[in-house]
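Have a look at the structure below, then the notes.
The values are calculated or read from the model by the stated rules, or taken from the named source; none is laboratory data. Keep in mind the model is a prediction, meaning the values are calculated, not measured. Cβ placement follows ideal geometry from the backbone for every residue including glycine, while neighbour counts extend to all protein chains displayed. These area figures cover heavy atoms from the full protein model, side chains too; ligands, DNA and RNA do not enter into them. Shrake-Rupley method; radii C 1.70, N 1.55, O 1.52, S 1.80 Å.
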Amino acid sequence: MTSTITLPDAIEQRPASSMPWVRHSWTLAGRSVKKMMRHPEQFFDVTLQPVLFLMIFVYVLGGAIAGSTHDYLQFVLPGILIQTVLFSTVSIGVNLNTDIKEGVFDRFKSLPIARSAPLVGATIAECLRYSITIGISLIAGFVMGYRTSTSILDVLAACLLVLVFAWCLCWIAIWLGMISREAGSVQGIGFMALFPLTFGSSMFASADTMPGWLRAWVNVNPVTHLTDAVRGLLTGGPVAEDAFIALGTAGLILAVFAPLAVRAYRTKA
């Protein structure tokens, strides 16, 4: 009996040399997006979470921290935006771990496609979720009274910076998804690693108000530099140095964990 073809016939029928890995990745990205659309609950965290975090931090804590909810909104929105996007990176590791257990990747291994294509395709699809988070955060902030004081190009640059950093960071989650035996382990380890990066940064308060030992970590934390760069792009201030450190860190993460993830995938899938 002939098995059902789950990907476009072209991938299976054409020789691998006639189709580059980029095209394979885009095809598999389309598969991942269709899968997301069939399970809209996958978008709950990227649509509801930023709104809830904004309301809690601004209206519950803003007056106590900054003395004014409006002033604190101007300060904290970039941090909330980044936090929700970074938390969203964990889900790709959980989903890939589940796909491997269900045998989906066994089918991919039988196709004449690049070994990295299923992973790269999944990361491209995840950018849709990250973009939704960024858009929802900015819209919710605007409704609550947040206003940017820079040009539209600066705002777009801020969004792109967050997107690039998250895309590179999600390779750590992919690697965890490949080496972990249970999907729950990926989520637990991922969030445990993200908490000191997000809360131990300048997202929610200035480092000047923190004790010396904590300030030392905050000042070297790459998420602090990402937050300060995005804050500068949205409301004005120094950007270049912080953006350079954030992008450099993102590039280092990609250079280390992308090969590790692909190697683990070849071993496990």
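Descriptive notes on the structure:
- Some residue of region 206-223 being under 27 Å from G177 (Cα atoms), out of contact with any His (no Cβ under 7 Å at 6 or more places or on another chain) and in a helix (DSSP H, G or I): yes
Listed here are the residues, each with its yes/no results for (1) within 24 Å of G62 (Cβ to Cβ); (2) assigned to a helix (DSSP H, G or I); (3) in contact (Cβ under 8 Å) with a residue 60 or more places away in the chain.
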site	(1), (2), (3)
A157	no, yes, yes
Q187	no, yes, yes
S201	yes, no, yes
P238	no, no, no
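- Scanning region 224-246 for residues that are among the aliphatic types (A, V, I, L, M) and over 20 Å from the mean Cα position of the chain (by Cα), we see that the one that is surrounded by the fewest Cβ atoms within 10 Å (Cβ to Cβ) is A240.
- Restricting attention to region 205-223, the residues being under 23 Å from V164 (Cβ atoms) and either open to solvent by 10 Å² or more (accessible area, probe 1.4 Å) or acidic (D, E) (or both) number 3.
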